[in-house]
Amino acid sequence: MAQAVDRKVEWPCINPKKQAKKKSYQNSGIVQLTSYKVTKEYSFLDYIFGGLQINFTVGIDFTASNGDPSSANSLHYINPYQPNEYMRAIQAVGNVCQDYDSDKQFPSLGFGAKIPPNYEVSHEFALNFNINNPFCPGIQGILDAYVNCIKQIQLYGPTNVAPIINHAAKFAEAAQKESGAKNYFVLLLLTDGVISDLHKTVHAIVRASGLPLSIIIVGVGSADFTAMNFLDGDDGILKTEAGEPVKRDIVQFVPFRDFESAPPALLARHVLAELPKQITDYYKRLGIAPITPQFKS
């Protein structure tokens, strides 16, 4: 087969029965191999050992459907004795992702609330209220910013998700212009219900599907998450209203209630199960190999 690198190679197709019956029989056809290409399949760890950074971003739903944070029935209620569902999901997923991020600085955003100082509705604000520097130091930093934020905002609505996706996509778009496999982005979206801007969200996902970005949606509470399964694309290829399909599957949806009594590691394993393949599929699609590790002698 190696001969096909330089020239065409042929093999005759021989039928032993016909060959035994007819002296004039030569073959039943010719198989021609005009060329072939050997392609190496790189693994997720190949990219990680090559220095790929997984950049983790959090987007939190602060719409009124979560309930008054001062009430123990609210999904945003801060219980001094145990973390709420939002906090547990951040810890479970973030504790895994942070191991692949060297600086441990995570953009942390909220949407669907009235925020200080003017208390106008925002669908893209920093948990630390500094949109120019929304980074939180480590997973504990995200949780601290979340607790501080919930005390200062007014839950409102609607549940518009597209602005947060577009925010993460801007960073991924900038990374795409870099040479080599250096930065990949993971957006963790935590929401309690039905998305209000579904068409815009689909458009944002389709646009982001060509970027180094994956989106993990964790449904918090007991709402109907049918639309989330639609975004996941497990029932078919996600398309915009105009018929434009996603370039690859980048969304993973998980309802938190399915793991409410399970250890955090089980939730993390489930929501991150598709991530390694999403990463390798992205770089394979563009023909980008891992950066060769530089070992010190």
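The values are calculated or read from the model by the stated rules, or taken from the named source; none is laboratory data. Only a predicted model underlies this, so the values are computations on that prediction, with no experimental measurement involved. Backbone-built Cβ (ideal geometry, glycine too); neighbour counts: all protein chains shown. Areas reflect the complete protein model, heavy atoms only, side chains present, ligands, DNA and RNA absent. Shrake-Rupley method; radii C 1.70, N 1.55, O 1.52, S 1.80 Å.
One residue alone among ASP258, ASP281, ASP249 is part of a helix (DSSP H, G or I), open to solvent by 40 Å² or more (accessible area, probe 1.4 Å), farther than 19 Å from ASP46 by Cβ and acidic (Asp, Glu), and that residue is ASP258.
Residues in the stretch 264-278 that are assigned to a loop (DSSP other than H, G, I, E, B) and surrounded by 14 or more Cβ atoms within 10 Å (Cβ to Cβ): 2 in all. Within the stretch 202-235, the set of residues being open to solvent by 20 Å² or more (accessible area, probe 1.4 Å) and within 28 Å of ILE288 (Cβ to Cβ) comprises HIS203, ARG207, GLY233, ASP234.
Is it the case, given these coordinates, that TYR283 is under 11 Å from the mean Cα position of the chain (by Cα) and among the hydroxyl-bearing types (Ser, Thr, Tyr)? Considered against the rule, which asks whether it is under 11 Å from the mean Cα position of the chain (by Cα) and among the hydroxyl-bearing types (Ser, Thr, Tyr), TYR283 comes out as no.
To keep it simple, each residue is scored yes or no on (1) modelled with pLDDT of 90 or more; (2) on the phi > 0 side of the Ramachandran plot; (3) more than 13 Å from the chain's Cα centre (by Cα).
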| site | (1), (2), (3) |
| --- | --- |
| ILE215 | yes, no, no |
| ASP234 | no, no, yes |
| PHE256 | no, no, yes |
| ALA265 | no, no, yes |
| VAL271 | no, no, no |
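Of the strands (runs of 3 or more DSSP E) lying entirely inside the stretch 59-157, not one carries at least 3 residues that are open to solvent by 10 Å² or more (accessible area, probe 1.4 Å), over 27 Å from ALA265 (Cβ atoms) and acidic (Asp, Glu).
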